[in-house]
1. Of all DSSP beta bridges located in the chain, what percent are antiparallel, nearest 5?
2. Cut-off is 10 Å between beta-carbons; in what order do 140, 180 appear when sorted fewest neighbours first?
3. Just how far, in whole angstrom, is region 145-177 from region 26-79 if you go by their alpha carbon centroids?
4. Return the calculated 222 nm mean residue ellipticity for the chain, to the nearest 500 deg cm²/dmol, obtained by summing -39500 (n - 2.57) across DSSP H runs with n ≥ 4 and dividing by the residue count.
5. Please arrange 63, 47 by counting, for each residue, the other beta carbons lying within 10 Å of its beta carbon, fewest first.
6. In whole percent, what relative contact order does region 1-153 give with Cα contacts below 8 Å and a gap of six or more residues?
7. Over region 174-259, calculate the relative contact order: mean separation of alpha carbon pairs under 8 Å at least 6 apart, over the residue count, as a percent.
8. Would you work out the relative contact order for the chain, in percent, from Cα pairs under 8 angstrom that are 6 or more residues apart?
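Since every read-out is calculated from the coordinates, none of them should be taken as a lab result. The structure displayed is predicted, hence computed values, not measured ones. Glycine gets a Cβ as well: all are built from the backbone with ideal geometry, and neighbour counts include every protein chain shown.
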């Protein structure tokens with residue numbers, strides 16, 4: 001159903017990224033794959049950058065089979081040399097980059113209370129949630145400034161917009177993505193480059209497979225849990241990324257759109273008195 005909806009929207013509003021060059025990190029699976037496919041449907045030449053070779057090639061093959069243009073590039077965006085190689089591959093192949101989606105991110109594991117964490121975990125969270133946003137943006141921004149045109153879309157999280165008692169360190173890095181977005185947008189705005197972000201919540205992804213995590217009873221409570229009445233799917237996030245990447249948002253920069261089905265407006269985390277395994281919950285079970 002979500003893919004049909006996305007294709008129907010594409011037909012209704014026309015192509016928004018015709019002949020633009022788009023790089024999507026983590027573009028092989030989940031939200032990244034949905035974004036890569038939707039961008040291609042809208043006429044973009046998509047560089048599907050992913051650490052997972054199978055996912056990158058599968059998504060690129062699906063795009064080309066549907067008549068789109070995609071180039072899979074295997075890269076670990078935590079490694080500076082590989083980021084440099086990614087930028088060189090994209091610019092050598094296409095001569096420019098018009099859109100960059102910094103999609104990579106991960107909460108890695110539930111760390112328990114902050115006092116029980118260690119600096120190595122902090123560093124791991126930093127590298128996969130914030131440092132690569134700096135590194136990849138730094139690699140592609142000069143070309144955008146030279147051509148005086150570009151759109152950068154960063155993927156933060158609802159946990160960067162609210163308190164996240166399960167992992168304050170992860171939340172801090174996601175909040176930093178939002179402030180980096182805001183600050184860089186002001187710096188480069190008059191150079192023709194726009195920088196925005198999305199803050200997903202309750203969306204099925206590789207790291208958060210709600211369809212596997214939730215019991216049948218929990219899934220029946222989506223209407224009570226999320227104001228829009230359902231779980232988010234990757235295509236929901238991809239559609240907003242498309243808006244921010246396209247000229248439809250030509251007068252929008254420095255903003256983070258909460259792509260959360262209304263959960264931010266309705267509330268957030270609360271203590272659970274019935275779960276022995278977790279002190280906090282944002283899932284549709286009695287607290």
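1. Here the share of antiparallel DSSP bridges comes out near 5 percent.
2. Details: 140 24, 180 19.
Final ranking by Cβ density, sparse to dense: 180, 140.
3. 21 Å
4. Result for the chain, helices only: -13000 deg cm²/dmol.
5. With the fewest neighbours first, 63, 47 line up as 63, 47.
6. Numbers: 238 pairs, mean separation 33.2, N = 153.
So the answer I get is 22 percent.
7. 48 percent
8. Values: 543 pairs, mean separation 49.9, N = 287.
It rounds to 17 percent for the chain.
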